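Have a look at the structure below before the remarks.
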Amino acid sequence: MEPVKYVDRLNEKYQSLGFPPYEWTVLDDAPLTPLTKPLSACRVSMLTTSGASCRGVPGFDPDARNDLRLDAIASDWPEDGFEINDNYYDHADASADINCQFPIARLRELAADGVIGSVAPRLWSGFMGRIYKRTATLEKAAEFAAELKKDGVDLLVLVPACPLDHQTAGLVARTVEEAGIPTVLVSTGRDLSAQVKPPRTVFVNFPMGNAFGRPDDAVQQRQILEDALNLAANGTTPGELVDLPYDWGEEVRVFFKQTTRDYQLKK
């Protein structure tokens, strides 16, 4: 099944509202910081842009625009202890099983099994929604990289959730990589990731919100996460994008928030 052409679909959508095509960030090269340890010795952290917040704290603004909020999540936080507030993708499956989009249980399993050295003390949720301020994004990403260094992180996994998140997460990955921490991005928007060129990307031809598969399919969730980690360990080509061989089994759903020109002009 051919990947969804999100760039074309989004440009068509906004041109139908009377806007010019969106000015995507399109880059020709990528930074690359080699992983200098075996995975079995690496401390791994993870960033989700899914609008997931820990129960007991205020949720994300589901229609967030230029919101650079970034929440730290304790690595032992329970997998059923999240709420998702995000109107830019279909998060029904992720709400049923957070591991569809933020595989914290699978990451802990990999540490317990010795596949990775350890899970970092803090995982992260943020950079969600529509972020148009790219200079501010890069500045926040540099601050984020400094926090990762405080935690002794050797490798960061980034998982964007909605179309514009793919651009944002790619920019964050590039900044973290330039700071000396290897990254790998798990994409469900191939064209979106290809144009921003994160340092390393695995593409899964699944719906947005299901980067690691369906709810409660722990085997596939773990396999996709391991595939991403293996690219981080073995990839040597800056900007490499690897197509993973998994089949969703039906047409990939495309979710776009219903909107109007007046709504867009409020951004």
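Tabulated data for the structure shown
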quantity: Mean Cβ neighbour count within 10 Å, used as a protection proxy, ranking 186-194, 32-40, 80-88 highest first; calculated: 186-194, 80-88, 32-40
quantity: Per residue accessible area of the chain, 1.4 Å probe, in Å²; calculated: 41
quantity: Accessible-area ranking of 91, 166, largest first, probe 1.4 Å; calculated: 91, 166
quantity: Residue-level accessible surface for residue 150, protein heavy atoms, 1.4 Å, Å²; calculated: 150
quantity: Environment charge at residue 207 (Cβ cut-off 12 Å; Lys +1, Arg +1, Asp -1, Glu -1); calculated: -2
quantity: Label-zone membership for the stretch 108-149, site residue 218, 7 angstrom Cα→C-beta point, backbone N under 14 Å; calculated: 108-113
quantity: Qualifying aspartates and glutamates (Cα of each under 13 Å from Cα of residue 149; at least 8 residues distant if same chain); calculated: 177, 178
quantity: Accessible surface of the stretch 1-144, 1.4 Å probe, proportion on carbon and sulfur as whole %; calculated: 50
quantity: Structure-derived mean projected area of the Cα convex hull in nm² - corresponding label in (1) 17.2; (2) 30.0; (3) 12.9; calculated: (3)
quantity: Residue 181 - accessible surface, heavy atoms, 1.4 Å probe, Å² rounded to 10; calculated: 10
quantity: The stretch 40-125: relative contact order in percent, alpha carbon pairs under 8 Å with at least 6 residues between; calculated: 48
quantity: Helix-only mean residue ellipticity at 222 nm for the chain, each DSSP H run of n ≥ 4 adding -39500 (n - 2.57), per residue, nearest 500; calculated: -10000 deg cm²/dmol
quantity: Theoretical gain in end-to-end length, residue 29 to residue 135 [0.36 nm per residue, Cα-Cα removed]; calculated: 36.3 nm
quantity: Violating pairs (Cα-Cα greater than 21 angstrom) within the set 37/197; 13/140; 13/197; 140/197; calculated: 37/197; 13/140; 13/197
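The values are calculated or read from the model by the stated rules, or taken from the named source; none is laboratory data. Nothing here was measured: the structure is a model prediction, and the numbers come from that model. Using ideal geometry, Cβ is built from the backbone for each residue, glycine included, and neighbour counts are taken over all protein chains shown. Only protein heavy atoms, including side chains, enter the accessible area calculation; ligands, DNA and RNA are left aside. Shrake-Rupley method; radii C 1.70, N 1.55, O 1.52, S 1.80 Å.
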